[in-house]
Each structure stands twice: as C-alpha cells, then as structure tokens.
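What follows is a single structure, written as structure tokens, with notes after it.
The values are calculated or read from the model by the stated rules, or taken from the named source; none is laboratory data. Because the structure is a prediction, the values reported are computed rather than measured. So basically every Cβ, Gly included, is an ideal-geometry build from the backbone, and we count neighbours across all protein chains shown.
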Amino acid sequence: MAYMHVIIWLFLTQFLVLSSKIGAKVPALIVFGDSSVDAGNNNQIPTIARSNFEPYGRDFPGGKPTGRFSNGKIPTDFISEAFGLKPTIPAYLDPAYNISDFATGVTFASAGSGYDNETSDVLSVIALWKELEYYKEYQTRLKAYLGEAKANEIIGESLYIMGLGTNDFLENYYAFPDRRQSQFTVPKYEDFLIGIAGNFIKELYGLGARKMSLGGLPPMGCLPLERATNLMGGNECSDRYNSVALEFNDKLNKLTIEMSKELPGIKLVFSNPYNILLHIIKKPSLYGIARFIRIKISCNSNYT
Ligand SMILES: *[C@@H]1O[C@H](CO)[C@@H](O)[C@H](O)[C@H]1NC(C)=O
Ligand SMILES: *[C@@H]1O[C@H](CO)[C@@H](O)[C@H](O)[C@H]1NC(C)=O
C-alpha cells in the first residue's frame, strides 16, 4: 500500500506548514467546501452528486462508500489525525453523528458546490452561504451542549479549512456558455469569486473564527474528464484550465495577504495543492503510486 505513505506524507507536509503558522492548539477542524472535503453531506440531500456506491470507499476503514469522493480517506481526515484529533471528520448532516462528535471536528462541505451560488444550483447541492448557515446552527448547538465559555474557546481555537473553487470553473463557467461566460471574462469571473471568498472569510471572522486555511485549486486541467475531452491535445492535461488554476491561486494568495492585514488576530494561510499534485500526476512512478492516482483521480472525475 505504497500510496498510503505518499498521501500521508503529502498531508503531513501540509500539516507542518499549517501548524507552524496556525499554532499547535487546535481542538477541532471545521470544514467548508466541495467534494474534495465532503464526507457524506450529499447523501442526505436530493442530488445526483453522490459517491455512495463502489468503488468509492474500498480502502476506507470498513471498506464501505461513505459519501467521500475517494477510495479512502480525504485530505481533511489526514489533517485531523495529524493534529492528534480523530481519524476521520464526520459530515454535519449524517444522522449517525451528533454534537458530541462534531465538537472535535465537522464538515459542512457539499460535493458540486462552489463560491458562486449558481454553481451549487447546477447539481442542486448545498451552496456556500447555506454551509455557513449550518455552521451558525452548529455554534448554537455547541453552546447548548458545552456551555458558552467552552464553546467559544472551541470556536476561537479551531482550524477552519476551505476547499472549493474547481466546480465554479468546470461545472459552471465552462459548462454553460450562455450563463456566467456571457456575463464575465475569465479574469472578471475570478475577481467575482475572490470577492465572495473575501466576504466568507470576514463572516467567519465575525462569528469568532481566527485560524483559517484557504485552499487553492488543483491542476484542474488534469482531471480525467478534462483529459478525456482534450481531443486536440492528445488527451493530455488541458493547459487552458491549468493556467486558469494558477492565475486564480495567485489571486487567492493575494487575498489571504490582504485579509491578514485587515483582520486583527487572524491566522490565515493559503494552502496550495497545485505543484505537488501536478508533480505526482506527471511522475507517478517517482511516488510509487500509479495505481493510486488512477483510482483516486477517476473517482473524482466530475466533482471536485
Ligand atoms: C451522541 O451519541 C452517543 C452515542 O451514539 C451518545 O452516547 C451521546 O449521549 C449522544 N450525545 C448527545 C449530546 O446527544
Ligand atoms: C447567494 O445567495 C444567498 C441566499 O439567497 C444570498 O444571500 C447571497 O447574497 C448570494 N450571493 C451572491 C454573491 O449573490
């Protein structure tokens, strides 16, 4: 199981960067985003954007599909474990868990979601503003369960992870030429999404969050669907989509620098998966994981 080592190494590297900037004391991970960090919320809503069937989950403890868009654990599960918290992060809407579980980590993420409201409409999934509404409800439940003081401590010390953006481009902007494409150029659409990301960070900050990690886009031109449809490019990675990812990541990085100046006491990091993932995709044998990449990326072909 060589690929397990790689993935653990990958997220431990990310963890080291995060923990050095964020500070070690983290009582819970609180997660927002899309299928890269959804642990099963979509199983509880009427949408086709689900992964509750095999081969999803084949390497997950118990071997069952949980709603994670992966053969095994997802990045936030590994980060939780690396912080000495529980080995997997439960989905907020999963009836198998309750507030005592969520007190040490929870994900509000929904596969197919994005920064843009219209992106979540495409597959009738949970919009980012709605994820935040669930988070507010979570705060109320946490206070009722642990008391105001203890709950506020968890809210202020937890690490908030945001992982989304790919669907805004691939499921929405490029998929429907008559919608966002007719309203925005690519750079203007990027700026529109950055505005939403900035407001989201401010709202979270206003609700008491201080430690945040804003995730960048992966090399989205290398997703199987994008390669399969890149006929002119010989089914290689799409350079067009990859350069949009690079440009958008640059803007996200600048946003985190601005927000860090604007919001006193915030510890905000930009978490960039682009280069390491591209390297693994281009040179899987260096990592001994040709098999892993095939399974993991193909499971994640549509919704990331
Ligand atoms: C949560 O569930 C566990 C086990 O299913 C149970 O023991 C516990 O009392 C529940 N906690 C709350 C706050 O409902
Ligand atoms: C998205 O929808 C919500 C709920 O209708 C609304 O409050 C919010 O302003 C919308 N966001 C944008 C950027 O239009």
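Residues in the stretch 206-240 that are in a helix (DSSP H, G or I) and either closer than 18 Å to Trp129 by Cβ or of a type in the set (D, E, K, R) (or both): Gly206, Glu226, Arg227, Asp239, Arg240. Selection within the stretch 169-185: residues that are of a type in the set (Phe, Trp, Tyr) and closer than 18 Å to Asn242 by Cβ. The member of this set that is farthest from ligand 2 (Cβ to nearest atom) is Tyr174. Within the stretch 66-84, is even one residue within 16 Å of ligand 1 (Cβ to nearest atom) and in contact with a strand residue (DSSP E or B) (Cβ under 8 Å, 6 or more places away or on another chain)? Within the stretch 66-84, none of the residues are within 16 Å of ligand 1 (Cβ to nearest atom) and in contact with a strand residue (DSSP E or B) (Cβ under 8 Å, 6 or more places away or on another chain). Do we find that Gly165 is on the phi > 0 side of the Ramachandran plot and away from ligand 1 (no atom under 16 Å from the Cβ) in this structure? Answer is yes for this residue.
Summed over the stretch 124-157, the residues that are away from ligand 2 (no atom under 16 Å from the Cβ) and either touching a Pro at 6+ places or on another chain (Cβ under 6 Å) or not small (Gly, Ala, Ser) (or both) give a count of 15. Cβ-Cβ distances below 8 Å connect the following pairs, each with a first residue in the stretch 76-103 that is under 15 Å from Asn43 (Cα atoms) and acidic (Asp, Glu), a second residue that is away from ligand 2 (no atom under 16 Å from the Cβ) and in a loop (DSSP other than H, G, I, E, B), and a separation of six or more residues or different chains: Asp94/Gly40; Asp94/Gly67. Taken over the stretch 126-156, the criterion of being within 16 Å of ligand 1 (Cβ to nearest atom), over 15 Å from Asn41 (Cα atoms) and surrounded by 14 or more Cβ atoms within 10 Å (Cβ to Cβ) is satisfied by Gln139, Arg141, Leu142, Lys143, Tyr145, Leu146, Lys150, Ala151, Ile154. Just one of (1) away from ligand 2 (no atom under 16 Å from the Cβ); (2) closer than 19 Å to Ile48 by Cβ; (3) surrounded by fewer than 19 Cβ atoms within 10 Å (Cβ to Cβ) fails for Thr166. It is (3). The set of residues in the stretch 113-125 that are among the small types (Gly, Ala, Ser) and either surrounded by fewer than 24 Cβ atoms within 10 Å (Cβ to Cβ) or at pLDDT below 95 (or both) contains only Ser124.
Residue pairs whose Cβ atoms lie under 6 Å apart, sitting 6 or more positions apart in sequence or on different chains, and linking a residue in the stretch 246-258 that is under 11 Å from Ala197 (Cα atoms) to a partner that is among the aromatic types (Phe, Trp, Tyr), are Leu252/Phe270; Thr256/Phe270. For the stretch 94-115, enumerate the residues that are under 14 Å from Ala39 (Cβ atoms), in a loop (DSSP other than H, G, I, E, B) and either within 16 Å of ligand 2 (Cβ to nearest atom) or within 17 Å of the chain's Cα centre (by Cα) (or both). Phe108, Ala109, Ser110, Ala111, Ser113 - these are the residues of the stretch 94-115 that are under 14 Å from Ala39 (Cβ atoms), in a loop (DSSP other than H, G, I, E, B) and either within 16 Å of ligand 2 (Cβ to nearest atom) or within 17 Å of the chain's Cα centre (by Cα) (or both). Would you mind stating whether Lys188 is among the basic types (Lys, Arg) and more than 22 Å from Glu247 (Cα to Cα)? Spelling it out, it is not the case that Lys188 is among the basic types (Lys, Arg) and more than 22 Å from Glu247 (Cα to Cα).
Of the residues Arg50, Arg68, the single one that is buried (at least 21 other Cβ atoms within 10 Å of the Cβ), more than 30 Å from Ala144 (Cα to Cα) and in contact (Cβ under 8 Å) with a residue 24 or more places away in the chain is Arg50. Scanning the stretch 210-250 for residues that are among the hydrophobic types (A, V, I, L, M, F, W, C) and crowded, with 21+ Cβ neighbours inside 10 Å yields Met212, Leu214, Leu217, Met220, Cys222, Leu223, Val244, Ala245, Phe248.
If you go through the stretch 24-46 and keep only what is buried (at least 19 other Cβ atoms within 10 Å of the Cβ) and assigned to a loop (DSSP other than H, G, I, E, B), you end up with Val26, Ala28, Asp34, Ser35, Ser36, Val37, Asp38, Gly40.
Considering the stretch 116-205, the qualifying helices (runs of 4 or more DSSP H), each wholly inside and each with 3 or more residues that are without any contact (Cβ under 8 Å) to a residue 12 or more places away in the chain and not basic (Lys, Arg), run over 128-146, 180-183. For the stretch 71-112, filtering for residues that are farther than 30 Å from Phe192 by Cα, of a type outside the set (Asp, Glu) and either at pLDDT below 95 or surrounded by fewer than 24 Cβ atoms within 10 Å (Cβ to Cβ) (or both) leaves 22.
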